[in-house]
Amino acid sequence: MSARTVVISPAPTANGDLHLGHIAGPFLAADVHSRYARSLGREVLLGTGFQDTSTFVVTTAFRRGVTPQELVATSAAQIAASLEAMGISVDGYTGDDDRFTKWVVDFVARLHSAGKLELRTMKFPYSPKSGQFLVDGFASGSCPECLADCCAGLCESCGQLVAAGDLLDVRSTLDPADPVELREADVLVLPVEKYRAGLQAHFAAHASGMRPHMAQAMAAMLARPLPDFPVTYPTSWGIEVPFPEVAGQRVNPNAEPMAWSMHATALSAGSSSEDELWLAGAGSEIVYFLGFDNIYPFAIAGPAMLLALDGRYDLPTRYLTNEFYELDHKKFSTSRGHVVWSRELAAEVPRDLIRFHLAATSPEHQRTSFSRDGLARVTSARLVEPWNRVADKVNRWVGLGPLPVSSRSRRAASRMASRFAESYELAGFSLNRAAETIAEQLARLDSRPVTGADAGDFCFEVDRLVRGAAPILVDLAERVLREDAGVDADSFTPVALPRLREAEAGR
């Protein structure tokens, strides 16, 4: 096993707060695995933060009538507060400070000085009215690969790289009525095709580190020549590059992921060296929890950059992807007001209930949907009501311990621990199965009569259930767990268990 696990959830764009779709995807999963691994004494570093260099900051600010800088400041604080409100425990939280900006420039400059970046003439949508090239979030249209609506840069539906000049029915996002034409501009690119064989070999060796949808998409991408990846853009928003042949251009935000990931890791470890834990042989297992729509920059372009640096760095080995989490079977949309904000829900509903429901409905392999009625029904039937009955049974024996624990009960506790471990370990990680295990074991204990002869067994198994559920039910675990007697305990002293509060439906 590696000396440490570096866990990364890609930074959300600083163009608003976090809604439930964000939490239900990479953030909850990364937090649950990290909590579990730490409970076993493993070294785990969890990093995330926010990204303010995306052009979506500018388009959102325009729509809201504020400056991009105002939007970033507000969003950065909201994102941090929402992670805390949902119990997401982060070791390193990135921002937009000078240290990060300098590191991105340094990282790109390494590729440049090594001759790995090449000057290419590419076509971009251009607005004669504004005198601006339209890159990424500034240009909208249809994906040339899957035909879904998307912006330039990346397609959310199929995960493919979408060159701005290849968008179908391209238009300006800021002003759809503005006539757009294609114009050429010289940019620096990484010729990713040169590293396709290396990417194929790496992911073939780590095929078990991907879920089926990502594995399928990666196989399709790597089966054919890979397009040049623009590292600089002719735009005025983002981190400016110091290269005279593309003077005034900015780093493509989708070219930042490896530099950003290293920075997040350094902050998590409290290190002054941005890339220390990524160096070849440093003993780090690099793991991403991310949305499927982010696979190209984090699993194709980013690792290709690492390969271009000739073995200096280890490559990520695991990618735990998720699909879209919807609201009432429609995509979350802040512009249309179709959204549930994480902090607002956490202010109304105990966050353990939210975390349990999001785990139970996590979009691991397909789109899933949230509703307030569903939250109330599922948590009431599968968590709150059975837990409260179980807690009442345990509380009758508080103050009467220590009570004997049988070998049968110790075997049951060991089996429970194994079932939870199968869901929490990276090789078979599944929030869905972890939530199912909580519900199944609660139902088993709820249906079980308790007498003086087996009260110790019952209370002991409830304690083991809470320990297994602790990465998800963080507040309950904090309230009731004491020193661990271990799965081989021959006696157990019950502690008072709190009742859980119901979530309200239909709000």
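The values are calculated or read from the model by the stated rules, or taken from the named source; none is laboratory data. Everything numeric here is computed off the predicted structure, so don't read it as measured data. So basically every Cβ, Gly included, is an ideal-geometry build from the backbone, and we count neighbours across all protein chains shown. These area figures cover heavy atoms from the full protein model, side chains too; ligands, DNA and RNA do not enter into them. Shrake-Rupley method; radii C 1.70, N 1.55, O 1.52, S 1.80 Å.
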Q.
What's the number of the only condition in (1) part of a strand (DSSP E or B); (2) touching a helix residue (DSSP H, G or I) at 6+ places or on another chain (Cβ under 9 Å); (3) in contact (Cβ under 8 Å) with a residue 60 or more places away in the chain that residue 156 fails to meet?
A. (1)
Q: Note down all Cβ pairs under 8 Å where the first residue falls in the stretch 165-192 and is closer than 20 Å to residue 154 by Cα and in a loop (DSSP other than H, G, I, E, B), the second is open to solvent by 50 Å² or more (accessible area, probe 1.4 Å) and aromatic (Phe, Trp, Tyr), and they're at least six residues apart or on different chains.
A: 174/62
**Q.** Residues that are open to solvent by less than 70 Å² (accessible area, probe 1.4 Å) and either within 14 Å of residue 76 (Cα to Cα) or touching a residue at least 60 places away in the same chain (Cβ under 8 Å) (or both), drawn from the stretch 38-55
**A.** 45, 46, 47, 48, 49, 50, 51, 52, 53, 54, 55
Q.
What are the pairs with Cβ atoms under 8 angstrom where one residue, in the stretch 222-235, is within 17 Å of residue 249 (Cα to Cα) and the other, located anywhere, is of a type in the set (Ser, Thr, Tyr)? Sequence gap at least six, or different chains.
A. 235/55
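Here is a check on your reading of the model: is residue 179 loosely packed, with under 14 Cβ neighbours inside 10 Å and closer than 15 Å to residue 133 by Cβ?
On the way: loosely packed, with under 14 Cβ neighbours inside 10 Å: yes; closer than 15 Å to residue 133 by Cβ: yes.
Yes: the conditions hold for residue 179.
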Q. Can you tell me which residue in the stretch 68-81 is nearest to residue 343 (Cα to Cα), limited to those that are open to solvent by 10 Å² or more (accessible area, probe 1.4 Å) and either polar (S, T, N, Q) or not in a helix (DSSP H, G or I) (or both)?
A. 78
**Q.** Scan of the stretch 114-145 for residues that are surrounded by 14 or more Cβ atoms within 10 Å (Cβ to Cβ) and not in a strand (DSSP E or B), ordered by number
**A.** 116, 117, 134, 135, 136, 137, 138, 143, 144, 145
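Would you say residue 16 is within 16 Å of the chain's Cα centre (by Cα) and either over 19 Å from residue 331 (Cβ atoms) or open to solvent by less than 20 Å² (accessible area, probe 1.4 Å) (or both)?
Numbers: within 16 Å of the chain's Cα centre (by Cα): no; either over 19 Å from residue 331 (Cβ atoms) or open to solvent by less than 20 Å² (accessible area, probe 1.4 Å) (or both): yes.
Answer is no for this residue.
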Q. What about residue 123, is it touching a helix residue (DSSP H, G or I) at 6+ places or on another chain (Cβ under 9 Å), within 14 Å of residue 183 (Cα to Cα), in contact (Cβ under 8 Å) with a residue 24 or more places away in the chain and of a type in the set (Lys, Arg)?
A. yes
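Do we find that residue 387 is more than 30 Å from residue 198 (Cα to Cα) and either touching a Pro at 6+ places or on another chain (Cβ under 6 Å) or charged (D, E, K, R) (or both) in this structure? Spell out how you get there, then give the answer.
Values: more than 30 Å from residue 198 (Cα to Cα): yes; either touching a Pro at 6+ places or on another chain (Cβ under 6 Å) or charged (D, E, K, R) (or both): no.
Spelling it out, it is not the case that residue 387 is more than 30 Å from residue 198 (Cα to Cα) and either touching a Pro at 6+ places or on another chain (Cβ under 6 Å) or charged (D, E, K, R) (or both).
Mind checking whether some residue in the stretch 56-67 is open to solvent by 10 Å² or more (accessible area, probe 1.4 Å) and in contact with a Phe, Trp or Tyr (Cβ under 8 Å, 6 or more places away or on another chain)? Give the steps one after another, and end with the answer.
Of the stretch 56-67, the ones open to solvent by 10 Å² or more (accessible area, probe 1.4 Å) are 56, 58-59, 62-67.
Of the ones still in play, those that are also in contact with a Phe, Trp or Tyr (Cβ under 8 Å, 6 or more places away or on another chain) are 58-59.
Yes - at least one qualifying residue is present in the stretch 56-67.
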**Q.** Residue, nearest to residue 29 (Cα to Cα), within the stretch 289-318, restricted to residues that are more than 12 Å from the chain's Cα centre (by Cα) and charged (D, E, K, R)
**A.** 318
Q) Within the stretch 82-102, can you find the residues that are surrounded by fewer than 19 Cβ atoms within 10 Å (Cβ to Cβ) and touching a helix residue (DSSP H, G or I) at 6+ places or on another chain (Cβ under 8 Å)? A) 89, 91, 93, 95, 96, 99
Q. In this structure, does residue 188 turn out to be more than 25 Å from residue 62 (Cα to Cα) and in contact with a Ser or Thr (Cβ under 7 Å, 6 or more places away or on another chain)?
A. yes
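Only one residue in 310, 293 is acidic (Asp, Glu) and in contact with a strand residue (DSSP E or B) (Cβ under 7 Å, 6 or more places away or on another chain), so which one is that? Talk me through it step by step, then tell me what you get.
Working: 310 fails: in contact with a strand residue (DSSP E or B) (Cβ under 7 Å, 6 or more places away or on another chain).
Selected residue: 293, the only one of 310, 293 that is acidic (Asp, Glu) and in contact with a strand residue (DSSP E or B) (Cβ under 7 Å, 6 or more places away or on another chain).
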Q. If a residue has to be closer than 14 Å to residue 48 by Cβ, in a helix (DSSP H, G or I) and not hydroxyl-bearing (Ser, Thr, Tyr) to count, how many in the stretch 82-113 make the cut?
A. 3
Q. Looking at the stretch 381-409, which of its residues are touching a helix residue (DSSP H, G or I) at 6+ places or on another chain (Cβ under 9 Å) and polar (S, T, N, Q)?
A. 406, 409
(Q) Could you list, ordered by first residue, the pairs with Cβ atoms under 6 Å in which the first is in the stretch 413-432 and under 17 Å from residue 359 (Cβ atoms) and of a type in the set (S, T, N, Q) and the second is assigned to a helix (DSSP H, G or I) and modelled with pLDDT of 95 or more, at least 6 apart or interchain? (A) 423/433; 423/434; 430/423
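Do we have any residue at all in the stretch 24-34 that's under 13 Å from the mean Cα position of the chain (by Cα), closer than 26 Å to residue 333 by Cβ and open to solvent by 40 Å² or more (accessible area, probe 1.4 Å)? I'd like the intermediate steps shown before the answer.
The first filter runs over the stretch 24-34 and keeps only residues under 13 Å from the mean Cα position of the chain (by Cα), leaving 24-34.
From what's left, closer than 26 Å to residue 333 by Cβ: 24-31.
Those still in the list that are open to solvent by 40 Å² or more (accessible area, probe 1.4 Å) too: none.
Within the stretch 24-34, not a single residue is under 13 Å from the mean Cα position of the chain (by Cα), closer than 26 Å to residue 333 by Cβ and open to solvent by 40 Å² or more (accessible area, probe 1.4 Å).
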(Q) For residue 190, only one of the following conditions fails: (1) open to solvent by 50 Å² or more (accessible area, probe 1.4 Å); (2) under 19 Å from residue 106 (Cβ atoms); (3) in contact with a Phe, Trp or Tyr (Cβ under 9 Å, 6 or more places away or on another chain). What is its number? (A) (1)
